[in-house]
1. Out of the range 250-319, which trypsin sites (Lys or Arg not before Pro) are coil in DSSP terms and have no more than 11 other C-beta atoms within 10 Å?
2. Using amide H atoms built 1.01 Å from N in the peptide plane, name the residues 5+ places from GLU213, or on other chains, whose amide H lies under 5 Å from its own.
3. Rounded to the nearest Å, what's the spacing between the alpha carbon centres of the range 134-153 and the range 324-356? Just the number, please.
4. May I ask you to give the solvent-accessible area per residue for the chain, in square angstrom, as obtained with a 1.4 angstrom probe?
5. If amide H atoms are built 1.01 Å from N in the plane of the peptide, which residues on other chains or at least 5 residues away come under 5 Å of the amide H of VAL80?
6. What is the Å³ per residue value for the convex hull set by the Cα atoms of the range 71-214?
7. How large a share of the accessible area of the chain, in percent, is made up of carbon and sulfur atoms when the probe is 1.4 Å and the other protein chains stay in place?
8. Taking the Cα centre of each part, how many Å lie between the range 181-239 and the range 25-77?
Amino acid sequence: MAFLDLSNLQKSFGGNHVVKSFDLGIGQGEFVSLLGPSGCGKTTVLRMVAGFETPSAGAIVIDGQDITTQRPNQRNIGMVFQAYALFPNLTVAQNVGFGLRIQGVAAAEARARVAEMLALIGLPDLGARYPYQLSGGQQQRVALARALAPRPRVLLLDEPLSALDAKIRVSLRAEIREIQQKLGITTIFVTHDQEEALSMSDRVVVMNDGRAEQIGTPFQIYSQPSSRFVANFVGTLNTLTATILDPSAGEVGMAGQSLRLSAPIQGAKGSQIALALRPEALHLQGHKGAVLGQITTLPAEVTAVEFMGAVIRLRLQSGGQALALDTFNRFDHAPPMVGDHVAIEFNPRDLIVLAA
């Protein structure tokens, strides 16, 4: 049985159904991200778990205890907000110890716990400072320590990194994951940033229109999307059209070639099917790291070159279809130029069949 169980969770505001039959079981110590575009219902789910919103239907159970109707202060849940929400008139140590004071923890025990939390977040000597004297990253670490100090059963993170610059976000998300694993605390992380969700999570829930579109490991979400929405939302995607030649054999026709997919496909012979291919699955012919096994080669014209540091993204046109190809930036090999005609390769087994 799941440690945190969300069963048939629903939430409506008037006639607006924000969350629709949402089911999710989370194991003890698991890190799960709710990923989706703005307005998909992910933050509403988080707020229902925290007790800030009352479900219109469904149940929330933690460790066998139904908490659906409990007030937030009865749930023993820690929450970190996007905007830090630190008390400006309290020192760092007082902010971290605020929940302990509310719980009536003895002063000596509270001081020891605050010191432990400040050491955990790497700010052991900043307890006497005030929030305005800290950087954004430091303030978010303090907010995390304050949420963890009362030893909550569940930790909720509501887009805690979105207000920080890119470099700090990368380092802080690694620190959050390390702390979560060290404490073994069950965590729900809400984000619209797919890179955050994929890099930090044990499992990812991709939400769309108030529902869980797909639940799986980061590998499953990225490499085995179950719907067109997931495939398009997570990562860059090349969408291709092919003709079904032999459904049982997984054989399709594209650009005058016969391709064999990794599994049988649904659909009638002669009908059109939508396929997808990640940019990193395409290779320039003759480059190191080219695909092995069954190889399909297509002619293409370079329409744009985007330098992204370690990776160069080529925009291509092939047979009337627009494609993106990611290749490593190699110091010994200059990338093609706009207007160049190239040959691109891929393994048909890397093609993803998109649901209608």
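The values are calculated or read from the model by the stated rules, or taken from the named source; none is laboratory data. This one's a predicted model, so the numbers in the text were calculated from it and none came from an experiment. Here the Cβ positions follow ideal geometry from the backbone for every residue, glycine too, while neighbour counts run over all protein chains shown. Note: accessible area is taken over every heavy atom of the protein model, side chains too, but ligands, DNA and RNA are not part of it. Shrake-Rupley method; radii C 1.70, N 1.55, O 1.52, S 1.80 Å.
1. LYS269, LYS288
2. For GLU213, whose amide H was placed from the backbone, the distant partners under 5 Å are VAL206, MET207, ASN208.
3. 43
4. Accessible area per residue, the chain: 47 Å².
5. LEU156, LEU157, ASP158
6. Cα convex hull per residue, to the nearest whole number: 122 Å³.
7. 52
8. 18
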